[in-house]
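Below: the structure, in structure tokens.
Just so you know, all these numbers are worked out from the coordinates, no wet-lab data involved. No experiment lies behind these values; they were computed from the predicted model shown. Counting neighbours? That spans all protein chains shown, and the Cβs are built from the backbone with ideal geometry, glycine included.
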Amino acid sequence: MTAAAHKLSSASLAARVEKIALTTPVFDIHTHLYDPALGSLLLWGIDDLLTYHYLVAETFRYLDLPYEEFWSLSKTRQADLIWNALFIEHSPISEACRGVLTTLNRLGLDVKKRDLPAIRRWFAQWKVADYTDRCLELAGIRQLCMTNSPFDDLERPVWESGFARDQRFVAALRIDPLLLAWRDTAPLLARWGYPVRAELSAQSCGTVRRFLADWTRRLQAKYLMVSLPPGFAFPGKDPCARLLEHAVLPHCREHGLPLALMLGARRAVNPDLELAGDGLGRSRIDALENLCAQFPQNRFLVTVLARENQHELCVAARKFRNLHPFGCWWFTNVPYLVEEMTRLRLELIGLSVTPQHSDARVLDQVIYKWDHSRRVIAGVLVEKYADLARTGWEPTEPEIRRDVSALFGGAFEQFCAH
């Protein structure tokens with residue numbers, strides 16, 4: 001093959017892979033979005049985009065304003081301050097800022113005018129149902145997993161009353177208060193008709209399983225999930241480890257559900273920033289290895305927050321087939337690290353991963369988070385397929401479509417179905 005022909009072939013491969021990556025429907029396996037039937041819990045629109053906690057934290061890098069004064073302002077006024085600080089007084093080059101602009105651009109808005117009042121008027125024309133359809137269409141999302149907590153006083157009554165489900169919005173049962181604040185949570189369960197004691201017993205663990213079973217059925221949950229701090233250890237004698245071993249994992253086995261572990265969150269590093277004040281720490285992967293080894297009949301969906309843990313997670317996944325790495329979470333969800341982590345995962349464990357989830361808190365964010373991630377993942381795949389081509393193994397278009405479909409939700413669904 002001549003150099004010119006090889007160049008043409010490489011360009012053709014890259015164009016084909018990018019087209020497939022940009023158009024393959026995705027199952028977004030972890031978000032903080034809500035079925036539109038849950039009303040105001042579903043955030044959307046320009047003011048919710050601008051007051052996203054990443055942008056709040058970035059704004060305080062510039063804003064000389066007491067935290068409490070900022071939080072006392074209306075959402076619209078907060079958005080004004082953020083827009084002025086991050087988009088007018090400085091170029092919006094951070095990933096969170098660029099994401100707002102990508103979203104507006106994909107929606108057809110002219111961002112170069114820098115006209116926030118006009119953008120607000122455009123959003124005011126939409127009804128939530130129509131806007132939901134538009135966002136999911138632009139993002140190429142066929143289904144997404146919510147994060148649903150029976151311990152949320154706003155969310156719980158809606159589920160208890162029942163509502164017509166949007167089948168694109170799949171539930172995931174979040175259990176953080178159960179594992180991380182057991183002494184506070186036990187009285188709640190007792191009040192709700194699940195008599196448990198703070199001092200865990202076999203009977204209390206059985207009652208917790210009944211609680212989990214009731215909510216799994218009510219939500220039709222796809223999996224259970226919890227965010228755990230860097231110091232999480234297993235085995236252990238603390239309530240978290242004991243509840244995992246004697247209630248949560250038996251429940252997951254009985255109902256055939258994976259447990260998603262999101263490892264490395266340090267809460268309220270700066271409490272004045274409220275939701276924006278969380279940080280990260282390096283997690284103990286040996287705790288995860290112990291879980292996978294001791295409970296081979298359980299399946300674990302795992303993402304880790306610290307960059308330093310990513311290699312350890314991939315190595316653990318090579319050893320345990322009941323471990324499925326997924327996503328680039330919080331502070332790793334920037335193109336530089338998405339590329340690094342995707343390459344690391346593909347080179348170590350192949351296609352048995354889910355490289356990304358949006359983690360969107362605002363509906364509109366799925367547009368930019370998937371636009372940006374698809375392009376990064378496509379770039380890594382082009383490199384990997386080019387490596388194969390140099391060995392004489394040339395991937396066909398059906399094979400590329402199969403692989404991308406697996407990375408964009410297919411491998412997750414297969415893992416859940418085992």
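Can you report the number of residues in region 221-244 which are small (Gly, Ala, Ser) and assigned to a helix (DSSP H, G or I)?
Count: 1.
Do we find a residue being at positive phi and surrounded by fewer than 15 Cβ atoms within 10 Å (Cβ to Cβ) anywhere in region 279-297?
no
Among 338, 380, 315, 404, which is in a helix (DSSP H, G or I) and surrounded by fewer than 19 Cβ atoms within 10 Å (Cβ to Cβ)?
Matching residue, one of 338, 380, 315, 404: 315.
Inside region 292-345, can you point out the residues that are among the polar types (S, T, N, Q) and within 20 Å of residue 252 (Cβ to Cβ)?
Correct list: 294, 297, 298, 303, 322.
Scan region 117-154 residue by residue and report those that are assigned to a helix (DSSP H, G or I) and either under 14 Å from residue 36 (Cα atoms) or in contact with a strand residue (DSSP E or B) (Cβ under 9 Å, 6 or more places away or on another chain) (or both).
128, 129, 130, 131, 132, 133, 134, 135, 136, 139
Which condition breaks for residue 136 when tested against (1) within 25 Å of residue 24 (Cβ to Cβ); (2) touching a Phe, Trp or Tyr at 6+ places or on another chain (Cβ under 6 Å); (3) hydrophobic (A, V, I, L, M, F, W, C)?
(2)
Can you spot a residue in region 219-242 that is farther than 30 Å from residue 162 by Cβ, buried (at least 16 other Cβ atoms within 10 Å of the Cβ), hydroxyl-bearing (Ser, Thr, Tyr) and under 25 Å from the mean Cα position of the chain (by Cα)?
No, there is no match, as no residue in region 219-242 is farther than 30 Å from residue 162 by Cβ, buried (at least 16 other Cβ atoms within 10 Å of the Cβ), hydroxyl-bearing (Ser, Thr, Tyr) and under 25 Å from the mean Cα position of the chain (by Cα).
Take residue 390 and decide whether it is touching a helix residue (DSSP H, G or I) at 6+ places or on another chain (Cβ under 8 Å), of a type in the set (Lys, Arg) and surrounded by fewer than 18 Cβ atoms within 10 Å (Cβ to Cβ).
When the stated conditions are applied, residue 390 does not pass them.
Pairs needed: first member in region 12-34, within 30 Å of residue 225 (Cα to Cα); second member anywhere, of a type in the set (Ser, Thr, Tyr) and part of a helix (DSSP H, G or I); C-beta distance under 6 Å; at least 6 residues apart or different chains.
24/405
Please indicate, with yes or no, whether at least one residue in region 135-154 is in contact with a helix residue (DSSP H, G or I) (Cβ under 9 Å, 6 or more places away or on another chain), farther than 30 Å from residue 338 by Cβ and surrounded by fewer than 16 Cβ atoms within 10 Å (Cβ to Cβ).
yes
Since residue 194 meets every condition but one in (1) surrounded by 15 or more Cβ atoms within 10 Å (Cβ to Cβ); (2) touching a Lys or Arg at 6+ places or on another chain (Cβ under 9 Å); (3) not in a loop (DSSP other than H, G, I, E, B), which condition does it not meet?
(3)
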